[in-house]
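Where a number appears in this text, it was derived from the coordinates with a stated rule and is not lab data. Predicted model only: the values in this text are computed from it and were never measured. Note: ideal-geometry Cβ built from the backbone for every residue, glycine included; neighbour counts use all protein chains shown.
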Amino acid sequence: MYLHKLMFRSLLRHQERGRRLSALIALCIAALVFLLATMDSFFDRYVKLFVDTTTAHLAIVHPGAAELKRKPWKRGAEGLLLIEADGELLDFLRGTEGVEAVAPIVRTSGEFLVLSGDQQGSTSMVGIDPGDRQRVFPGLRISQVVERPNLGEQDLPVLRRSVQFWETIKVATDSIAQGDLRVRGEGLAQFAERARDALPRHVARDGGRDMPALLQSLDAALADPSLYREIPDRYRQKYDWRLEEAIAAAQALGDGKERVDGSRIRYVNKQLLSALFPDAISPVSEAIRLGVPMTFQTSSPREIKALSLPVVIPITFAGFAEAMPLYGFESFMDIRPLKARLELGEREFTEVAIRLADIGAIDGVKARVESWLAARGLDYQVLDYREMGAGYLPTALGVKVGLAVLAGLFVIAAIIFVTNMILLAVIKRRREIGTAVVLGMSPREYALLFLGEIFLIVTIAWVGGAILGSIVVAAFAALGMPGVVFFHDGLLYLDWNPRHLLLAYLFVLPGALLAALIPVSRVLKLKPVDVLRETR
Amino acid sequence: MLSLKLAFRNIFANRQRSLVIYIAMTLISMALFLFLSFSDGEIENFTQGIEGLRTPTADLVVSHWDYLRAREAGEKGESLNKMTVANFRALAEKIASAKQVQAVYPVTVPVTAGIYVRGKKYKDIQYLGVEVGNDLHVRDRIRITEGNYLSGKPDGLLLHASMKEDLGVSLGDSVTVTGSTLFGQALAEQFTVEGFYRSKIDLPSVFKAIYAPLAGYRLISGHYDNEVPFLQVDLASSTSVEPALNELRALLKAIDPGVTIHRFGDVHQQSVAVYGAIRQIIISITLLVVFVVMFGVMNVVSTNLVDRGREIGTYYCLGASRGFLKRMYATEILLVNLFASCTGIAIGTLAVWVLNGIGFETQDVGLQMVFGGDRLHLAISVSSIVWLTGALLLVTAATALFSLGGALKVSPVAALRETRD
């Protein structure tokens, strides 16, 4: 009991040094808590994002598709690998304990084409019942959904995959600059002449004298809502669909009768000028917009001749769907029209996605589904998210290992600093130790006293570090950690978990006690005679 | 100078304390160095590996005179594909005759088309063309795993080794390349498989291509004979780029105003978006480590100095000024940190050599993504060393600024009293 008393007294006597050590360990513990939270949050949220947006927990697929699933980038032959999912299978799955949602899916890949035939992007198209979509993939972020403006059957609504950075237009679409002109030298002079001839009201006689004046005239012309009216008939004698489309678009803005965004008028007029002088002005890229008629072109699911006609589906973008920000290339549409266009049978699908209420039940449910399929002589494969995520999970694992190494580094740093502080304390307290030993305390007891002090200091530091670490984690839990491009908006939201606090304590305390043993072992070797000689 | 001498002496006089900081800083700088080396290595793997195959680096690039402007103006597809270098052979010959030029070779753009093999059709395969005999930029980056390199016959194809299994294709097989050319014409051309290759640093899940000789490539791309997207120029090793660029620009203006020449970086930017993001995360984490370490070092240093009160008092008694002592102790910390940083970097460099020597290879697609290629490669870059040393100097500066002031507030009288006890 007297040891406790001595320990508290000693701590009070050396409180300055104790405070320093305590602050240092608290800082290390706070950093550890933060790193452990980052490590687990990154891994768990990455897996969750993947499961919630792309694969669900389990999928029943054609046996030939199993290899494709394990190597998601390996391309298979054209044609879809189909399974038959009848009502009996779906009822069994929905009735299985632990299953939250089931959705038969048709997954194919293809390209989005704009009306001019240019490719606007490729995608993996997921045909799924809209009612099932958010139940099976609750992590999908659907944005900017527009109401369908009287779309007929010819324009099927599609939730386009999120726009990637390389798809955004990086040039001004509402002004004309030198960079838009395809001509130089003599060609420029000829273009100036033609522009003056076609648009005399806007390009003055001396307007084409030099490049800046010509550009200024053309740029000013973009603001005119009735510019299309000035185009001479001779330009329209030979049918040019680009020019007619551009005129129709300008006309649709209504001659300025209705209030229209000025930049939209300039954009449409720039398209008009580009269509009028295609050899002199670069075509204006159409920004990815909602509600514009497009086509989705995919291979025929059964035809695999060397040259075969693709399946072309008229669509319109009804909104954007963001799955995994870096690797998410999935677009979504209603499974019924997709199946109709692909001419698939009522029971034919490429997979059945299964979402579980608890990820921990995955092995049990998988085994039950496998045995049900085997009992009916079906050779379909049941894949879990780990098998389907062979290409994604190592990224999360790599980050986890890296952060674990850093956490270890912090523990080592804390141990080294503790060793240093105790070493100094032993030197500083030699006379005190000697006196205690002379008064009858054994060196072993004094060593215990030291270790007790360390235990208390680390425990107090842990409380402070845990609070500080929790505050930091809470801040990132609320605001998100920026710059982590693997997640939506580049933000990683941390999850606070008491396990991290406990782990930090369990890492640092034994380390600190072990580190303290090195200097404390000196105490055990002290002889009262030596200490007395020193004090004298 | 005296402060430097004394700082040196003090390091050895307080050997044990210096050793603790030295070991801690060595460990930390080594770990951070290895982290940065990993990040440098994965970027190097990626840029030298498959990104190097897709966009081989060179000193200069000859392109259509309007190519850069058109690309900046957002032109793409057919209108951009039309902007090529015509009569490239004659042009290459003239460029090669310039004394600064080491090599001139045509470079193609990937064409995406299908391939029809043994009754099955595979789409989204990328095709590239090479001028056989003038193709070191490709040959240096690949190794043949089966069969031979392109013989030069127009119908020969060199496939990536993974396609052997993925497409079920063998040497000598006749295959049909299907789809459409860069200009939208229907494409169905017969070719023969001459060999399989792997990139020396492979990442087939991100990029793999089928190579064809230029004569075969133009059937797939739709280009005319004697027309290629780019000519690339390697300069002799001792040549400075700017004068050579100006000279070649003048030469081209005189012989073919339809083309122009640029620095490689003006035309092509290698894409390392994902690995750049990972590097940003690693840099942020090293900052966090440096921040915590800074507090640790500051704490240890100030504790050490408290313990060295008598030493400080003696210096004051001997007439040392506060500024002198600040300089001396700051130099001491700087020297320990600098030595520790150098040792950490040296051990880290050794570890890099050992790990690279072991040559850990993987076929796992996920690990390949993490490594930036099919092998673990750690790289040493000047920027990482500068960053690391700079961070440790920051630690030193912060320690000197925040710890020394308080610790040096020792009265000479108190110091003498203490020594008298």
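Over all distinct Cα pairs, what is the inverse of the mean 1/r for the stretch B:244-392, reported as the Kirkwood hydrodynamic radius in Å? Mind dumping the intermediate values first?
On the way: mean 1/r = 0.0476 Å⁻¹.
Kirkwood hydrodynamic radius for the stretch B:244-392: 21.0 Å.
Mean Kyte-Doolittle hydropathy of 0.0 or higher plus an axial Cα length of 20 Å or more: which whole DSSP H helices in chain B meet both?
Numbers: long enough: B:15-48 (46 Å, 0.69); B:241-255 (21 Å, 0.59); B:273-307 (51 Å, 1.75); B:322-358 (53 Å, 1.09); B:382-402 (30 Å, 1.96).
Answer set is B:15-48, B:241-255, B:273-307, B:322-358, B:382-402.
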- line: Label model pair A:Q154, B:R322: point-to-point distance (7 angstrom along the Cα→beta-carbon line) in nm is 8.7 nm
- request: Can you spot the lysines whose alpha carbon is less than 28 Å from A:K238's alpha carbon? Ignore those fewer than 8 places along the same chain.
  value: A:K270, B:K76, B:K82
statement: Rg (one decimal) and Dmax (whole number) from the Cα set of the protein assembly as shown, in Å, equal 35.5, 117
- request: For chain A, find the longest principal axis of its Cα atoms and tell me its angle to the long axis of helix A:498-525, 0 to 90°, nearest 10.
  value: 40 degrees
message: Please list, by residue number, every one of the GluC sites (Glu not before Pro) in the stretch B:8-74 that is coil in DSSP and has at most 11 other beta-carbon atoms within 10 Å.
response: none
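Kindly flag which residue pairs out of B:K120/B:K164; A:K48/B:K164; A:K305/B:K200 have an alpha-carbon separation exceeding 23 Å in this structure.
In this structure, A:K48/B:K164; A:K305/B:K200 exceed 23 Å between Cα atoms.
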message: Of B:V20, B:A70, B:F46, which is farthest towards the positive pole of the stretch B:9-78's charge dipole, taken about the Cα centre with +1 and -1 on the beta-carbons of Lys, Arg and Asp, Glu respectively?
response: B:V20
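Considering Cα pairs under 8 angstrom that are at least six residues apart, work out the relative contact order of the stretch A:1-120 and quote it in whole percent. Numbers along the way, then the final one.
Numbers: 28 pairs, mean separation 11.5, N = 120.
Across the stretch A:1-120, relative contact order equals 10 percent.
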message: With a cut-off of 8 Å between alpha carbons and a minimum separation of six or more residues, what is the relative contact order of the stretch B:1-136 in percent?
response: 11 percent
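Give the shape of chain A as rounded, prolate or oblate, defined through the alpha-carbon gyration tensor: a ≥ b ≥ c are the square roots of its eigenvalues, a/c under 1.5 means rounded, and otherwise the shape is prolate if a/b is larger than b/c and oblate if not. All intermediate terms of the calculation are to be shown ahead of the outcome.
Numbers: a/c = 4.02, a/b = 1.82, b/c = 2.21.
Since a/c reaches 1.5 but b/c is at least a/b, the shape of chain A is classed as oblate.
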- prompt: Near B:K99, which lysines are there with a Cα under 24 Å away, not counting those fewer than 8 places off in the same chain?
  reply: B:K253
query: Using +1 on the beta carbon of Lys and Arg, -1 on that of Asp and Glu, and nothing else charged, what's the dipole of the protein assembly as shown about the Cα centre, debye to 20?
result: 5020 debye
message: How far apart, in nanometres, would the label points at B:E311 and A:R386 be if each is projected 7 angstrom from Cα along the Cα-to-Cβ direction?
response: 5.5 nm
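Suppose a student asked you for the relative contact order of chain A, using Cα pairs under 8 Å spaced at least 6 residues apart; what percent would you report?
Values: 821 pairs, mean separation 165.3, N = 536.
Relative contact order here is 31 percent.
Tell me what chain A gives for mean residue ellipticity at 222 nm when only DSSP H runs of n ≥ 4 count, each as -39,500 (n - 2.57), the sum divided by the residue total, rounded to 500 deg cm²/dmol.
Numbers: 17 runs with 265 residues, N = 536.
It lands at -16500 deg cm²/dmol.
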message: Based on alpha-carbon centroids, what's the gap between the stretch A:151-203 and the stretch B:122-182 in Å, whole number please?
response: 38 Å
message: More than 14 angstrom separation, counting every C-alpha pair in the stretch A:365-409; what % is that?
response: 65 percent
- prompt: To the nearest 10 degrees, how steep is helix A:241-252 against the longest Cα principal axis of chain A, on a 0 to 90 scale?
  reply: 80 degrees
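At 1.002 mPa s and 20 °C, plugging the Kirkwood radius over alpha-carbon pairs of chain B into Stokes-Einstein gives what diffusion coefficient in µm²/s?
Values: Rh = 25.9 Å.
D, rounded to a whole number, is 83 µm²/s.
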- prompt: Where the centroid of each part is defined by its Cα atoms, how far is the stretch A:459-529 from the stretch A:397-418 in Å?
  reply: 10 Å
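Only sites in a loop by DSSP and with at most 10 other Cβ atoms within 10 Å count here; which trypsin sites (Lys or Arg not before Pro) in the stretch A:211-240 make the cut? Let's see the in-between values first.
Details: sites: A:R229, A:R234, A:R236, A:K238; in loops: A:K238.
Listed in order of number, the matching sites are A:K238.
Calculate the dipole size of chain A relative to its Cα centre from +1 charges on Lys and Arg beta carbons and -1 charges on Asp and Glu beta carbons; express the result in debye to the nearest 20.
Working: 63 positive and 60 negative charges, 705 e Å.
Roughly 3380 debye, rounded to the nearest 20.
With +1 on each Lys and Arg Cβ and -1 on each Asp and Glu Cβ, and nothing else charged, work out how big the dipole of the stretch B:170-329 is about its Cα centre, in Debye to the nearest 20.
1260 debye
Can you list which of the chymotrypsin sites (Phe, Trp or Tyr not before Pro) found in the stretch B:108-189 are DSSP loop residues with at most 13 other C-beta atoms within 10 Å?
B:F183
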- prompt: Which of the listed residues, B:G372, B:I312, B:I345, is farthest toward the dipole's positive end in the stretch B:303-418, when Lys, Arg count +1 and Asp, Glu count -1 at the beta-carbon?
  reply: B:I312
statement: Taking the alpha-carbon centre of each part, the distance from the stretch B:357-409 to the stretch B:241-300 in Å is 19 Å
- request: May I ask for the angle, rounded to the nearest 10°, between helix A:211-221 and the longest principal axis of chain A, with both axes built from Cα atoms and the value confined to 0 to 90°?
  value: 80 degrees
message: Can you tell me which lysines have their Cα less than 23 Å from the Cα of A:K525? Leave out same-chain residues fewer than eight positions away.
response: A:K428
